[in-house]
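Peer 1: Below is the structure I would like to discuss, written out as structure tokens.
The values are calculated or read from the model by the stated rules, or taken from the named source; none is laboratory data. Please read these numbers as outputs of a predicted model, since none were measured by experiment. Don't worry about glycine lacking a Cβ; one is built from the backbone with ideal geometry, like all the others, and counts go over all protein chains shown.
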Amino acid sequence: MRNCSSVSGMVVVVESKKPYYDVGDCISGAVVITPKKNTEFSEVLITLEGTARTWNVSANLGTRVDAKNTFLKMSYPVEEDDYPSPRILLAGMTYKFNFSFVLPERLLDSECDRFASHRQLPPTVGDLGLPWEFDDCSPNMARIAYQIVGKVLHIKDGDGPRSVPYSASTSIPVITSYMPDVRNIPHDNYKGQELSLGDDGFTRLCLSTKALKKGIISRSAVGDLTLEASISKPFVSLKEEPVPLLLKLSYSHGEKVKKSDIRIPKVESVAVKLRVYTYFSTVPMAYMPHPKSRVLDPRLGLYQENFKIANYNFTTCSQTAWAKESDNHYSINATIPLMTPKERVLVPNFWSCLIGRQYEVELDVKLSSGNINLKIPVEVTTNKVAERVRNMSTFKEKDYGVLDTSLHDDSASEDHDPLPDAFSRWTSRGLHLPAGSAEAISWQGNIALKT
């Protein structure tokens, strides 16, 4: 691929076959100048710049407030031998100045002394100068752009005023990602439920419990409903790859509960939403925000998009779907493959001084006795980081038992990830779906739903 941008006789050309750049990648090319008239100059400056821009409306004044942070600026030196002598660009002549940059692993410590995550290179967000085919879910109040900038400077009389007879730039698509850090998760957004993290940083295990009452106005509980869920791998940016969501729904009642009061709820539907949060501020963030932070911080902006990425209805599902593990304990297991929204580009999770991006999956199970739900923070990463996770994975293959061929569609086949060891205690039979509600592949101890 050959990217270039031209302004009045000057062009920045980037030679590359990459759809995007990551940390450690080399960006090479040349600044090419063909002046229309003889131009005296002092030097040619070539820089790689990363800039974040935000704006918000002041809560007190009601006026727009803009902020800009150039978090990265690298210069490529032009050798003396590359300049013409004397330093005059002749009309109609073509001059070429090569450059080569390597995206650094991290920013300088001086860039931010509050959070280590703010010193990581953020991905490109909302850059209108790029030929993206899809929306990256960013608002116009938050932009992150990388550019190669070329300038011809002329300084009169040594210390006199500077002029820029020629300048040009071109946008560079950057998608960076790092191994997840638990400190970067806004834990305050997950109060009221249990949240555990695996050693690899990507495995998220969540649990939510709800007491079942004897009646609408009764205060006495006749059982407990527990929803457990796990997402054990990240979404990969710019790659359509399913991410399995593992869930377990459990119902238990006390030994002293009357049999007439035991009403095992029916599962009516399972819905999964993906929430995309883009945080932005006109002052450097001094804390890790979450969706409710705006109540206390009027300078913080939040843009949110929601996508329904899975939805299954079981209107005729009966109690036979529950597996009896003991006299007072029943459970259902399921694996739901999640796909990223179509016509969207999900950039990796990140935090920077002015802008942040986080993702969350909300699981809602509707039963005859009411709803139970939970939220799971999830990661979006690059393929390079995802490969590192696969290599370090400690999950073991499990025997799912005999495939129920009566529910299997021979015209389609899918690969399913094994259950993590943390869920090896789940031993129920598959959830059998009513005809026409959804296709299903059912294993002993596991069910995979397909849209």
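Peer 1: Identify, please: which residue in region 1-19 is buried (at least 17 other Cβ atoms within 10 Å of the Cβ) and either at pLDDT below 90 or basic (Lys, Arg) (or both) and is, among those, farthest from the chain's Cα centre (by Cα)?
Peer 2: Here the answer is GLY9.
Peer 1: Going through LEU296, LEU247 one at a time, which residue ends up being at pLDDT 85 or above and either assigned by TED's automatic domain parsing to the domain that holds GLU111 or of a type in the set (A, V, I, L, M) (or both)?
Peer 2: Answer to the selection: LEU247.
Peer 1: Turning to a different aspect of this structure: Report yes if SER28 is in contact with a Ser or Thr (Cβ under 6 Å, 6 or more places away or on another chain), outside the structural domain of CYS353 (by TED's automatic domain parsing) and within 15 Å of TYR146 (Cβ to Cβ), otherwise no.
Peer 2: Considered against the rule, which asks whether it is in contact with a Ser or Thr (Cβ under 6 Å, 6 or more places away or on another chain), outside the structural domain of CYS353 (by TED's automatic domain parsing) and within 15 Å of TYR146 (Cβ to Cβ), SER28 comes out as yes.
Peer 1: Can you give me the number of residues within region 293-312 that are of a type in the set (Ser, Thr, Tyr) and within 21 Å of VAL347 (Cα to Cα)?
Peer 2: Residues that pass the stated criteria total 1.
Peer 1: Further question: Would you kindly identify the strands (runs of 3 or more DSSP E) lying entirely within region 1-86 that contain at least 1 residues that are of a type in the set (Gly, Ala, Ser) and within 23 Å of LEU121 (Cα to Cα)?
Peer 2: Output list reads 26-33, 43-57, 64-76.
Peer 1: Let me ask something else about it. Would you mind stating whether PHE101 is in contact with a helix residue (DSSP H, G or I) (Cβ under 7 Å, 6 or more places away or on another chain) and assigned to a strand (DSSP E or B)?
Peer 2: Against the criterion (in contact with a helix residue (DSSP H, G or I) (Cβ under 7 Å, 6 or more places away or on another chain) and assigned to a strand (DSSP E or B)), PHE101 does not qualify.
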